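Accompanying notes for the structure given below.
The values are calculated or read from the model by the stated rules, or taken from the named source; none is laboratory data. Just so you know, these numbers come straight off a predicted model, no measurement behind them. Every residue, glycine as well, gets a Cβ built from its backbone with ideal geometry; the counts of neighbours run over all protein chains shown.
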Amino acid sequence: MSRYSDDTLVLTLVRQSHAVLDELGLPRTFTIAEVHRSVERRRGRRIHLIAHPLPPDGPHGLWVMGETDDYVFYEQAAPPLRKLQIIGHEFGHIVFDDEGTPLSGRGRTLSACTRTVYDDMVEQRCEWFGSVMVQRIDHSAPLLLPHR
Ligand SMILES: [Zn+2]
């Protein structure tokens with residue numbers, strides 16, 4: 001795939017993102033807490049959102065499946081909207097039910113997202129999902145959830 005996707009593809013991915021957010025039962029605008037709860041309901045597991053320092057050349061977000069709960073790690077130094085977009089990107093992997101790479105040990109890293117794999121179709125779709133999610137977030141509400 002070329003570095004820049006064509007406009008038809010972008011429009012398709014944007015429409016698909018809106019459709020998935022609608023399917024989750026979300027209103028036109030929502031808070032990060034609301035979309036978080038909706039994705040947890042769809043997934044049937046708790047999803048912990050954890051700010052964590054990540055190496056500059058490494059992934060900017062990670063979705064890890066533990067034994068009972070899921071974990072989404074996002075770069076703690078990212079600006080607030082970028083953090084939301086990273087979380088939205090990982091939510092994209094979760095709601096689109098992407099397959100991950102099995103990891104030895106007790107957990108499974110389902111996605112480790114870097115810009116270098118952005119050209120990959122799955123990554124592009126999740127990047128647009130994150131962007132659409134950020135656009136629909138009510139930015140008068142607190143932007144990030146407290147740790148839990
Ligand atoms: Zn990704």
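Worth a mention:
- Those residues of region 58-87 which are farther than 26 Å from residue 140 by Cα and away from the ligand (no atom under 16 Å from the Cβ), in sequence order: 66, 67, 68, 69
- Pairs meeting the criteria (first residue in region 38-52 and farther than 9 Å from residue 72 by Cβ, second residue surrounded by 16 or more Cβ atoms within 10 Å (Cβ to Cβ) and of a type in the set (Asp, Glu), beta carbons under 9 Å, at least 6 apart or on different chains) are 40/70; 43/70; 45/70; 46/40; 46/70; 51/75; 52/75.
- When 67, 40, 75 are checked against the criterion of being modelled with pLDDT of 95 or more and acidic (Asp, Glu), a single residue qualifies: 40.
- Within region 72-83, tally of residues that are of a type in the set (A, V, I, L, M) and buried (at least 23 other Cβ atoms within 10 Å of the Cβ): 1
- Some residue of region 37-57 being under 12 Å from the mean Cα position of the chain (by Cα), assigned to a strand (DSSP E or B) and not polar (S, T, N, Q): yes
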